Structures are given as C-alpha cells and as structure tokens.
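All remarks here apply to the structure that follows.
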Amino acid sequence: MRAGASQFLVQLIGLGLAVAISVAISHGLGASAEADAFLLGRRLVTGLQEVLVQVLTLVFLPMVAMRAGQAALLRLGLWVAAAGVLIAVAFAALSGPIVVAIAPEMQGETAAMARRVIVVLSGSLPLALVGVLMGAALNLSGRFGWPALARLAPRAMVLGVFLAGLGASQSVMWAAAGFVAGNAVALLMMLPLVRPVEAPTSQVAPHVGAALLLVAGAQGALWLETALAARAGVGGITLLEMGQRVAALLGNTLALALVMPAFAKWTARPDERTGRHFWKLAAAGTALLVLAQGLLMILAPRIVADVLGQGALGAEGQEALLPVIWILALAPFATLLSRLLVVWRITGAGGHLGQVGLAVVVDLCVRSILGLTLLPTIGVQAVALGMVLGPLASATVLGALSWRDLRGEGVGLLPVLGGMMGLAAGVVVMWTAPMVLPWFAEQSIVSTLVLTSLSGVSALGVFTMWIRWRGLVWVFRF
C-alpha cells in the first residue's frame, strides 16, 4: 500500500499539472481549430507514450527481474531505444496520412499545424521507451514515487509554455517541443538511480504477445476515439480531451497506482498472487473511486463554469462539455477492474494470449458500435460512453474466465460503504460552506478550487475514520 500511495501522491501533482494545462488551453485557445490541431497530435503521440508506460511495464518488469548485470540491462536499453527511434520515424513520416485518416475535416493551416505537432512530438517516443525501462528497473527495486515524479517533467514544460502568453500558433509548437525536452529531463532524473539486479529474482515470463495486444488495443481505441471526436465538428477533440483530463485522469491515476505495485509484487513473489489479494485491491480501489469520482460529478457544473469557462471556452462549449465529464467520470471504475483482471491473467500459469486478444476485440467492438450509432445524435458523448462501456465489456470477459479462481474470496462491501459515507460528508460540506461563508458562492476559480479541496479533505477524513472504526485498515495494506 505504501508503494501505491507514494506513486499516487506524486501522480496527484501530475493531475494538477494536467488540469492546469487544460485550463490554460481553455482560457487561451478555447474549443478552437488551433486547440484541435494541438490536441490531435498530442493525443496520438503522447497517448501512445502513456500506453507504453502502462503496458510495457508488464513486459519490462519480468525482463529486468530475469536478467542480472549491468551489461544485460544496457543491451536491453539499446534495443528499446532502437525500437523507439523506428516508431518515431514512422510517426513523423506518416504524419500527413495520419491527419487525413483521423480528421479528414481538418483543412489548410489547421491540418498543417497538426502534422507539425505530430512530427515534433514523435521525438519523445525513444525517450519515453527508455524511460519505461528505467521506471521498471526502479519499480523492481521498490522505487515507485521517483519514476512517477520524473514523468511530471514533460507536463511542467508544456504548462510553462502555455503560461508564457505566446500567440496561438507559437504556443502550440513550443508546447510540443517542451514536451520532448521534458522527456529528456525525466531520463536524466531516473538514470543515476537505476541499478541492475545482481541475480535473477523472478521466474514469471514476460508475456510479450499479450502486452503487444494491449498496446495495439489501446492505440486502436485512442485512434478510434480521436477520429470519432474529430467527426463531431470543430472543438470535438478539445471537448473529449478536456473531459477526459478533468473527469477520468484522477480516477485512472488511482487505479494504475494500485495495479502496478500489485503486478510488481506478483511478478517477484508469485506465492502472493491470491484471490484474497485481488479482492482487497478491487475493494480498496472501488471505495476510493466512489469518493473521488462522486465528488467530481457533483462539482462538475461549477468546475466547468468557474474554472474552464473563464476564458475562450464560451457558453456553448461549456454546455457541450458538462455531459462528457459526467459520463467519463465513470470510466475509472471500468479501468480499475479491467487492468486488475489483465494483470491477474498474465501473472498466472499458462499462456493467455487468446484471452487478452478476445478482451481487446470486445472492447474495440463496443466502442465502435456506440460511436458509429450514437455520434450523429449525441456527438462527443457517444465517444465518452464507449470509453466507459468498452473497458467494462472487456472486464466482463476476463472476469468470466477468472471467476473459478476468484469466487468466494471477497472482502465484503464495508470499504465501499465507507466511500459512500465519505462522499456524503463531502456533499454536506459542499452545500453548507457557501451558507457559512458567502465567498464560496462566488463564481471564481479560487473559490471553486478551495471549495473542491475542502469537500475532498472532509470526505477523505470521514472515510478514514470509518475505515479505522470498522477495523478495515487491513484492506488497504498490500
């Protein structure tokens, strides 16, 4: 739990940076063609990077654990860097066809800007791949917070550019360059702490095929989401990106902060891979998500109006963004369950390539069907709905395959009930604070953020007291 907590706390800072970037874009660019061009390239390239961080760790952890010595780690790093260069060259060379395929509605300077953003951002991919390897080596030695902290450097660079007050076109291109520079800084932060293992520590084979399927599935989902959002009209990509950043980033960060340390533990010590451990993670994650995502859904109208809507994002854009946030607030629940089940399957005995492949296909099919059928009527909301129900369908498939091993090992619903009680406390604070101090009722960024923080702290306090009172602390000890 300590490893997951340290990783999550650092990633909370990353969440703040990501939300700050969204606010800066909404204030400076709004739901404009320039914002669409930047976010199109950013979603495609950095989306791949985020997937690599999440999925390839599943490969690199066992690889590093099974290889001893500095020379072996160096050889693996060279192969990873070479693969990153090839991917970057392919992305840059195909930037034109990619923009045409994903967003054929983009024309003229907007399309040219999107192509330039993709070319520049492609330079981050070799750095990101090597960073995943370094992060896996640090995770194996018990360091989770520092790799997460290092990965904040690209976001910090991008935010700095958007706060510099440059013109729209200049800020877009400099932000792309800043992201690449931030990845280089992240590598320099991790490199001095990387140590090769002295002797093999694991017999869990890296499921390269399963990981490649997950990467392909995640990329397919990302490209599908982006293409559908682009077809929703000008501002569609921006609305999807802002909604995802505000509604899903905190919950997804929490989910992955719980799952990745569990994977590291099950890889190094397979005897601790038990159904009881699985359900502890599921119960703890669900309880915390009820707390965080519930408050977010209730506060969404104020966040949209007072935080995102104070700049170039007009009333029409705010009205379109709010339901997207409400839908995407449910996505982390599906993410937690699907990722936890993936890790459970691939750390078990036997090959699971077909099972992972089936789950990926089901996910993509659900997203495609919802997007193609509902996009003409509800717009970007159809894409958001697919981002919730697709992973949920995937989790259903993997859960059915794992049910024999996991049934009868539950830990009860008391932790989730505690999350609901914490949520209720946060709502009470949210409603009463403006009555006690009228300043909280003002429509300003500061008052809204302070009210959000106060509600969250109150909710977490009540949740913690409930957990201690009911003797449920053991659920959160992994």
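The values are calculated or read from the model by the stated rules, or taken from the named source; none is laboratory data. Only a predicted model underlies this, so the values are computations on that prediction, with no experimental measurement involved. Positions of Cβ are generated from backbone atoms using ideal geometry, with glycine treated the same way; all protein chains shown enter the neighbour counts. Just so you know, the surface numbers come from the protein's heavy atoms only, side chains and all, with ligands and any DNA or RNA stripped out. Shrake-Rupley method; radii C 1.70, N 1.55, O 1.52, S 1.80 Å.
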- request: May I ask you to list the residues in region 28-81 that are over 14 Å from Ala114 (Cβ atoms), at pLDDT 70 or above and of a type in the set (S, T, N, Q)?
  value: Gln49
- prompt: Do we have any residue at all in region 406-423 that's in contact with a helix residue (DSSP H, G or I) (Cβ under 8 Å, 6 or more places away or on another chain) and at positive phi?
  reply: yes
- prompt: Is it true that Ser458 is touching a Gly at 6+ places or on another chain (Cβ under 6 Å), free of Cβ contacts under 8 Å to residues at least 60 places away in the same chain and among the small types (Gly, Ala, Ser)?
  reply: yes
- request: Would you be able to tell me the number of residues in region 308-329 that are open to solvent by 30 Å² or more (accessible area, probe 1.4 Å) and either at pLDDT below 85 or of a type in the set (Val, Ile, Thr) (or both)?
  value: 10
task: May I ask you to say which residue of Leu358, Leu423 is more than 30 Å from Ala230 (Cα to Cα) and surrounded by 15 or more Cβ atoms within 10 Å (Cβ to Cβ)?
output: Leu423
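Matching residues to (1) β-branched (Val, Ile, Thr); (2) at pLDDT 80 or above; (3) surrounded by 23 or more Cβ atoms within 10 Å (Cβ to Cβ):
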{"position": "Ala257", "(1), (2), (3)": "no, no, yes"}
{"position": "Met260", "(1), (2), (3)": "no, no, yes"}
{"position": "Phe263", "(1), (2), (3)": "no, no, yes"}
{"position": "Arg273", "(1), (2), (3)": "no, no, no"}
{"position": "Ala287", "(1), (2), (3)": "no, yes, yes"}
{"position": "Leu291", "(1), (2), (3)": "no, yes, yes"}
- request: Specify which of the listed residues (Leu222, Leu214, Leu193) is out of contact with any Gly (no Cβ under 9 Å at 6 or more places or on another chain), modelled with pLDDT of 70 or more and surrounded by fewer than 22 Cβ atoms within 10 Å (Cβ to Cβ).
  value: Leu193
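Against the definition (open to solvent by 10 Å² or more (accessible area, probe 1.4 Å), part of a helix (DSSP H, G or I) and at pLDDT below 85), how does Arg115 come out, yes or no?
On the way: open to solvent by 10 Å² or more (accessible area, probe 1.4 Å): yes; part of a helix (DSSP H, G or I): yes; at pLDDT below 85: no.
Here the answer is no, as Arg115 does not meet what is asked.
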task: Filter region 103-112 for residues that are in a helix (DSSP H, G or I) and either among the small types (Gly, Ala, Ser) or surrounded by 22 or more Cβ atoms within 10 Å (Cβ to Cβ) (or both) and give the result.
output: Gly108, Ala111, Ala112
field: Residue under evaluation Gln381, criteria (1) under 23 Å from the mean Cα position of the chain (by Cα); (2) open to solvent by less than 50 Å² (accessible area, probe 1.4 Å); (3) over 26 Å from Leu281 (Cα atoms), criterion not met
entry: (2)
query: If Ala349 satisfies every condition in (1) at pLDDT below 90; (2) buried (at least 16 other Cβ atoms within 10 Å of the Cβ) but one, which is the exception?
result: (2)
- prompt: How many of the residues making up region 239-252 are open to solvent by 20 Å² or more (accessible area, probe 1.4 Å) and within 16 Å of Leu340 (Cβ to Cβ)?
  reply: 1
statement: Cβ pairs under 7 Å, 6+ apart or interchain, first in region 101-113 and farther than 22 Å from Ser171 by Cα, second assigned to a loop (DSSP other than H, G, I, E, B), ordered by first then second residue, are Glu105/Arg231
message: Among the residues of region 158-186, what is the count of those that are modelled with pLDDT of 85 or more and either assigned to a loop (DSSP other than H, G, I, E, B) or more than 19 Å from Ala37 (Cβ to Cβ) (or both)?
response: 6
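Condition check ((1) of a type outside the set (Phe, Trp, Tyr); (2) within 29 Å of the chain's Cα centre (by Cα); (3) at pLDDT 90 or above; (4) open to solvent by 70 Å² or more (accessible area, probe 1.4 Å)) across all residues:
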position: Phe440; (1), (2), (3), (4): no, no, no, no
position: Ser444; (1), (2), (3), (4): yes, yes, no, no
position: Thr448; (1), (2), (3), (4): yes, yes, no, no
position: Leu451; (1), (2), (3), (4): yes, yes, no, no
position: Gly456; (1), (2), (3), (4): yes, yes, no, no
position: Leu460; (1), (2), (3), (4): yes, yes, no, yes
position: Ile467; (1), (2), (3), (4): yes, yes, no, no
position: Gly471; (1), (2), (3), (4): yes, no, no, no
position: Val475; (1), (2), (3), (4): yes, yes, no, no
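How about region 82-93: which of its residues are surrounded by fewer than 16 Cβ atoms within 10 Å (Cβ to Cβ) and modelled with pLDDT of 85 or more?
Of the residues in region 82-93, the ones surrounded by fewer than 16 Cβ atoms within 10 Å (Cβ to Cβ) are 82-83, 85-86, 89-90, 93.
Once the filter is applied, which keeps residues that are surrounded by fewer than 16 Cβ atoms within 10 Å (Cβ to Cβ) and modelled with pLDDT of 85 or more, region 82-93 yields Ala82, Val85, Leu86, Val89, Ala90, Ala93.
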message: Please go through (1) under 28 Å from Leu239 (Cα atoms); (2) open to solvent by less than 20 Å² (accessible area, probe 1.4 Å); (3) of a type outside the set (S, T, N, Q) for Met297 and return the number of the only condition it doesn't satisfy.
response: (2)
